[in-house]
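Since every read-out is calculated from the coordinates, none of them should be taken as a lab result. All of these numbers come straight from a predicted model, not from anything done at the bench. Positions of Cβ are backbone-derived with ideal geometry, glycine not excepted, and every protein chain shown enters the neighbour counts.
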Number of protein chains: 2
Amino acid sequence: MPQGQPESVPDDGLTTRQRRRQPVLAVHTGPGKGKSTAAFGMALRAWSQGWPVGVFQFVKSPRWRVGEEAALRTLGESGKGGEVTWHKMGEGWSWIQRPGAERDHAVEAAEGWAQIKRDLTAETYRFYVLDEFTYPMKWGWVDVGEVVATLRARPGTQHVVITGRDAHPDLVAAADLVTEMTKVRHPMDAGRKGQAGIEW
Amino acid sequence: MPQGQPESVPDDGLTTRQRRRQPVLAVHTGPGKGKSTAAFGMALRAWSQGWPVGVFQFVKSPRWRVGEEAALRTLGESGKGGEVTWHKMGEGWSWIQRPGAERDHAVEAAEGWAQIKRDLTAETYRFYVLDEFTYPMKWGWVDVGEVVATLRARPGTQHVVITGRDAHPDLVAAADLVTEMTKVRHPMDAGRKGQAGIEW
């Protein structure tokens, strides 16, 4: 396949080099498979560029993403590309030590977002995966307007990819790249079970 | 998100355990981004399971997938998961030494498919990425009927994911899992250039 060419060149006074360095906000949404998987695939490229990668996993099951986590941690520790930092809500955010405390998912999600805001301000990472982050937005656990405003105003060249179904229209409007994954056929329709190596 | 539950349990006499071990043929198609990226994300899970992974890259540009290739090779060499073997058409298949020979993409694609057939018969890998393989099928470089019949008859538990636009209807019909990636918005629409770490 030929490399993509822009359909038009904007009259924005930017050089091609500058345009290559614009921060990207990507959203992977829709009911089909591959939203998070593609985000982690993008993280491979970021790692390969030597960029610090931050993953924020807004899911509850510790079983999910175990393969991706093992792989990205191994890559981060290889010393060949960027460092990888993996935060997950399901086991309490890594920066919060709160043994025995009762969990409140809404509070945990808000804490996750607060940390992301701090990291965006500090430019901690160059590539962010906000996995399943559409759900806390949908459920009102974080303020959509504030999320969108914060992402729009983020400094430097920080790329962000957000995954999950039912992306809020304001998030879609703010994004540079939106892909909808549509289910055409899924083995669970035929009564199959999730499989190690395929589903997690 | 809760783990997926089958909508119905088929009357096929299989145990859940057996159903968890059925080989999956997945197709990522459609005009949107993320088809290959999601396939490489799936490869992370396969690697994490310790499965041998074979990538067959049916593309011409050496620039594409450099990040994914670097990452998967690093993982394969880490000794922590499965081994990764990466073949690419763009630089001549790795098993063909033909310096200076003129390239014929149709012949190269057919040679790639012939090797895949040998590997499926030998059960060389447990997870295959046939990246951009829809195009040689579309262009008649490989026989669609033979590809589908070979995939349907593959022995053991070999998972295969095929990526690319315009997947042939017979391939879609044979697949267990088909996801269509739809472009909602892409930065190149706004005249942006491809970016290191995002596009490759």
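Overview of results
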{"read-out": "Shortest-first nm distances, A:G140 label point to equivalent points in other copies (7 Å, Cα→Cβ)", "value": "6.0"}
{"read-out": "Average beta-carbon neighbours from other chains, 10 Å sphere, peptide B:44-53", "value": "6"}
{"read-out": "Distance (nanometres) between label positions extended 7 Å along Cα→Cβ at B:K138 and A:R73", "value": "4.0"}
{"read-out": "Label-point separation, B:A106 to A:K80 (7 Å along Cα→Cβ), nm", "value": "3.7"}
{"read-out": "Among A:162-168, A:141-147, B:72-78, the order from most to least packed when residues are scored by Cβ within 10 Å on average", "value": "A:162-168, B:72-78, A:141-147"}
{"read-out": "Label distances, nm, A:K117 versus same residue in remaining copies, Cβ-directed 7 Å point", "value": "6.1"}
{"read-out": "Computed log₁₀ I(q)/I(0) - Debye formula, equal Cα scatterers, no solvent, region A:21-181, q 0.13, 0.16 Å⁻¹", "value": "-0.56, -0.88"}
{"read-out": "For A:D166, inter-copy label distances in nm, listed shortest first [label point 7 Å out on the Cα-Cβ vector]", "value": "3.7"}
{"read-out": "A:T150-B:D166 FRET efficiency (beta carbon distance; Förster radius 51 Å; 0.05 resolution)", "value": "0.85"}
{"read-out": "Spatial separation of Cα centroids for region B:63-80 and region B:161-177, in angstrom", "value": "25"}
{"read-out": "Computed label-point distance, nm, for sites A:V66 and A:R21 using a 7 Å Cα→Cβ extension", "value": "4.3"}
